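Only the coordinates and a few stated rules stand behind these numbers; no lab work does. Computed from a predicted structure; not experimentally measured.
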Amino acid sequence: MANSLHRDGVRRLVAKGAQLVEVLPAAEYDEEHLPGAVNIPLKTLGTETIADLDRSRPVIVYCWDSL
């Protein structure tokens, strides 16, 4: 189930153990990302690339774009 979150909601969920997934390309992830986030570029998002995520913990997927 997808929900939209703002900064405080993200902080609260991360404090409770949520996982952060940045979906921008690797080069952009390398430039800047949230602490603790893993990179799974949107174009590669699939069963194999999410296999290492812990299914018992919430996942926050985000994409930061300055445009």
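For this structure, a couple of remarks:
- Backbone HN-Hα couplings from phi across the range 37-46 [Karplus 6.51/-1.76/1.60, Hz, Gly and Pro as x]: 6, 9, 9, 9, x, 3, 5, 10, 4, x
- Semi-axis lengths, Å, the chain, gyration tensor of Cα atoms, sqrt of 5 times eigenvalues: 18, 16, 11
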